[in-house]
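Contents: one structure, followed by commentary.
Please treat every number below as a calculation from the coordinates, not as lab data. Owing to the predicted nature of the structure, the values given are computational and were not obtained by experimental measurement. Cβ: placed from backbone, ideal geometry, glycine included. Neighbour counts: every protein chain shown.
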Amino acid sequence: MRILLAKNSGFCFGVRRAVEMAEQCAAEGKTVYTYGNIIHNDSVVRELAENGVHSIENLESLSTGDTLIIRAHGAPPAVYEACEARSIHLIDATCPYVKRIHKIAQKAAEEGNTVLIAGKANHPEVVGIRGWAGDNAFVLESEADVAGLPALAKAVLVAQTTLPEETFSAIERAIESRIDRPMELQICNTICDTTRDRQSEAEEISRRSTRMLVLGSKSSANTQELVKICKKHCKNTENIDACDKLLLDKLPSDDIIGIVAGASTPDRMIREVLQVMSEQEKTTIETIEAEAPAEEVVVLQVTEEVEAVVEAPEATAQTKSEPKPEQEDSSDFASAFEKTMTRIRNGQVLEGTVISVVDGEVFVNVGYKSDGVIPVGELSSDSDVKAEDLFKEGDTIEVEVTKVNDGDGNVLLSRKNVESKKLWDELLSQENIEENIFEAVGKEVVKGGLIADISGIRAFVPASQVSTKYIENLNEFVGMPMRLKVLEVDRQRKRIVASQKQVLLAEAAAERRGKWDTLIVGSKVNGVVRRIADFGAFVDIGGIDGLVHVTDAAWGRVKHPSDVFEIGQEIEVLILNVDIEKERVSLGYKQLHH
Ligand code: SF4
């Protein structure tokens, strides 16, 4: 049996984020409520309920002080207002992409547009959007609904994020072909990228499969759209909402089984189904991905001009309006859009605006049709830094694109890389870098040594270069301040090898040199006898050992220096000669004892 699995299967970004927020509440032992089921999946909803996350359909059932989670679908403003009026604490898990549609709808309504929403009227996401769109809004479930619209002067068309492209295009065409089409029509294709990818993967896989399994709930709109698409190309399409509904005897071994899953299908269900199927003989699994976007993608660069039109660059915006000269101002989507086209690619550094900071992740508007996300680990090289302490909504920040599309349609960003690049530039601009000493902190023990942090740059310190002494356990340097000398810089691979030992050795040498400078011939100094040899005694005069030759030990004949000195004896001596180059000091004892 051959299995073709869609790459974009299981929780989408927005659903995963909402479920994680609910799970976090459950982990903290809080009792919270979700406005409607958090996702269209009974087993996940049941599990959350067992852990204190309950679904309600009516705000009346809440009491003052209760906590309500708004799910990824979002909610109309009336819900926010009611909660505020009744002092109900809100956790807003609305998917940022849905939130953007709210903003488009709200702004369009404020500017006197009729808001047309392509989608299912009773779908909670559409109910929410409609609430933000004001009184002058219509929901269009299909092109047939377009005929029932009144005459419109200005209209903005948006879409439910999970609407099939085909339905949206049919509605768009129907509006454009009306005799009394709106004089000004702005089209914002707000279908979520992950929906598009899932639907195109479903189409491709169902064309190549003899049997299709669509995993997900019967009540999930996006799962049902996948069922419809698959049925068009593969008659043997089944919608499975639990692993135990999988009838293996219905799966002949020469079948090519395609598997797709809705955005609210938990990963564990997909894993279970694959596990069961892979127990069949000669099963192979291939992952099929929607055609990946080109490395370079045309995006909308956010400028004030475009922001003034719409604050939702994720929408594929086009203006289809009558060519009236007075429309060629900043409120013309098309001209604003065209004027501001640019490209992004992996590795590019962009300026963006912080939209929100949620659970350590930062959502950034970089002007692309999808928002960018800085995952927790990409925030800073300092793992102790918290996103909430660094950023707030509206901040302008520089970020690097690490992935144009993570598979869920999100742009992945890194602030750490930008920070690190700047630090590298600063570091490398220093003259004679190898001669400088850098303050650092020991970070972690790795194979063969230690990683230390030099102002945000990771440097490798080999174990032999950590200290002048043998160190048994390098962990004692983790979290401790260090002073490092750069031994090697690999500018291309951005790697530094550093040494603390060289700093310590150089310092000890300098200290010794300083002492030599204080030694003046003819002066008296105190010392301690450290060692006695046949030819004389070595005396420590403060870190430097000088020699009292046997002939300078006493005025009379001395058979052996031990006749005069004993080890540990404190004596006063005269400096007879200093040879700094050879590091030799000659001392006299008898000269002070006439
Ligand atoms: S389908 Fe897209 S818009 Fe909808 S919740 Fe998922 S990520 Fe958000």
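Structural remarks
- Filtered residues of region 157-189 (kept if among the aliphatic types (A, V, I, L, M) and under 25 Å from residue 263 (Cβ atoms)): 157, 158, 159, 163, 170, 171, 187
- Among the residues making up region 12-38, a single one is under 18 Å from the mean Cα position of the chain (by Cα) and assigned to a loop (DSSP other than H, G, I, E, B): 12.
- Test: residue in region 225-232 that is within 15 Å of the ligand (Cβ to nearest atom) and in contact (Cβ under 8 Å) with a residue 24 or more places away in the chain: yes
- Any hit, region 139-153, residues being crowded, with 18+ Cβ neighbours inside 10 Å and among the small types (Gly, Ala, Ser): no
- Among strands (runs of 3 or more DSSP E) entirely within region 348-453, having at least 1 residues that are away from the ligand (no atom under 16 Å from the Cβ) and under 30 Å from residue 92 (Cβ atoms) singles out 349-358, 361-365, 372-374, 396-403, 411-414.
- Selected residue [of a type in the set (Val, Ile, Thr) and either in contact with a Ser or Thr (Cβ under 8 Å, 6 or more places away or on another chain) or surrounded by 19 or more Cβ atoms within 10 Å (Cβ to Cβ) (or both)] from 521, 548: 548
- Strands (runs of 3 or more DSSP E) fully within region 116-205 that include at least 2 residues being touching a residue at least 60 places away in the same chain (Cβ under 8 Å) and away from the ligand (no atom under 16 Å from the Cβ): 184-189.
- Exactly one residue among 434, 398, 393 is surrounded by fewer than 19 Cβ atoms within 10 Å (Cβ to Cβ), touching a residue at least 12 places away in the same chain (Cβ under 8 Å) and within 27 Å of residue 475 (Cα to Cα), and that residue is 434.
- Residue that is farthest from residue 438 (Cα to Cα) [pool: residues in region 449-507 that are in contact with a strand residue (DSSP E or B) (Cβ under 6 Å, 6 or more places away or on another chain) and among the polar types (S, T, N, Q)]: 475
- Any hit, region 552-563, residues being among the β-branched types (Val, Ile, Thr) and either part of a strand (DSSP E or B) or out of contact with any helix residue (DSSP H, G or I) (no Cβ under 8 Å at 6 or more places or on another chain) (or both): no
- Here residue 44 fulfils each of the conditions (1) within 16 Å of the ligand (Cβ to nearest atom); (2) closer than 30 Å to residue 175 by Cβ; (3) assigned to a helix (DSSP H, G or I) apart from (2).
- Hey, residue 66 within 16 Å of the ligand (Cβ to nearest atom), over 30 Å from residue 257 (Cα atoms) and in contact with a strand residue (DSSP E or B) (Cβ under 8 Å, 6 or more places away or on another chain) or not: no
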